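What follows is one structure encoded as structure tokens, with my remarks underneath.
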């Protein structure tokens, strides 16, 4: 009979244990999805020329339009020089949003007391460009930086003389626009064949080892065709589960023999 206490046997046991641990760790890592997120995008129409003291607000930044050699109405405002045409003013706004001035000192516009240059650069993390006659903003890693997925907040406001110069999304908080930062999220898929007992009970609960924040449900009938989820069945997140309240088992609702698949993620 082999001596199971010999050193080489012990090392073999350790190696097998380590392999199982590696496999478990790999499985756990594969179950974590990298969500790319979504970029926030909005724009303001700028086909018409701005008027002196007109302003727009993007979060904590207020951009004030001022003619050359003029002064801002508030020292915290970021000066945007009104150019010869609306297109020139658009370019100046884009430069301000993208914080292109090395010293953050406007060359042609002063502070309220006319004793120092006005501010020239925005501070919010957006990059701006021209989109037709509009100035488009996208969430970025820094003012004027690279476009990134993000969930910024902050009010959009405008006090511009031209009636058509408005935000494409309205005067809203940016946090309502669907931005989502990149993140590592756990996700999983549960699948069950619906039984007559489930229909009688009136519900079925698919639980997950995390708290889901969103899910996608799919129902296949006995022939493999998709069944409409627009029926008397109701789907809802309940704690760490997706709870399906079954609508009675009559077409088009889920019926016995159908396959219910739910993909959920954090």
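The values are calculated or read from the model by the stated rules, or taken from the named source; none is laboratory data. If you're wondering where the values come from, they're calculated on a predicted model, not measured in any experiment. Note: ideal-geometry Cβ built from the backbone for every residue, glycine included; neighbour counts use all protein chains shown.
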Legend entry - Residues within the range 117-134 that are buried (at least 21 other Cβ atoms within 10 Å of the Cβ), over 20 Å from the mean Cα position of the chain (by Cα) and closer than 26 Å to residue 163 by Cβ, tallied: 1
Inset, instruction - Would you mind stating whether residue 122 is closer than 21 Å to residue 181 by Cβ, touching a strand residue (DSSP E or B) at 6+ places or on another chain (Cβ under 9 Å), free of Cβ contacts under 8 Å to residues at least 24 places away in the same chain and assigned to a loop (DSSP other than H, G, I, E, B)? - result: no
Inset, instruction - Within the range 192-210, track down each residue that is in contact with a strand residue (DSSP E or B) (Cβ under 8 Å, 6 or more places away or on another chain) and either outside the structural domain of residue 248 (by TED's automatic domain parsing) or at negative phi (or both). - result: 192, 193, 194, 198, 203, 204, 205, 206, 207, 208, 209, 210
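Evaluate the following for residue 114: is it touching a strand residue (DSSP E or B) at 6+ places or on another chain (Cβ under 6 Å) and surrounded by fewer than 18 Cβ atoms within 10 Å (Cβ to Cβ)?
yes
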Inset, instruction - Just need a number here: residues in the range 203-246 that are over 29 Å from residue 186 (Cα atoms) and modelled with pLDDT of 90 or more. - result: 0
Inset, instruction - Return a yes/no flag: does the range 154-161 have any residue that is modelled with pLDDT under 95, in contact with a helix residue (DSSP H, G or I) (Cβ under 8 Å, 6 or more places away or on another chain) and in a strand (DSSP E or B). - result: no
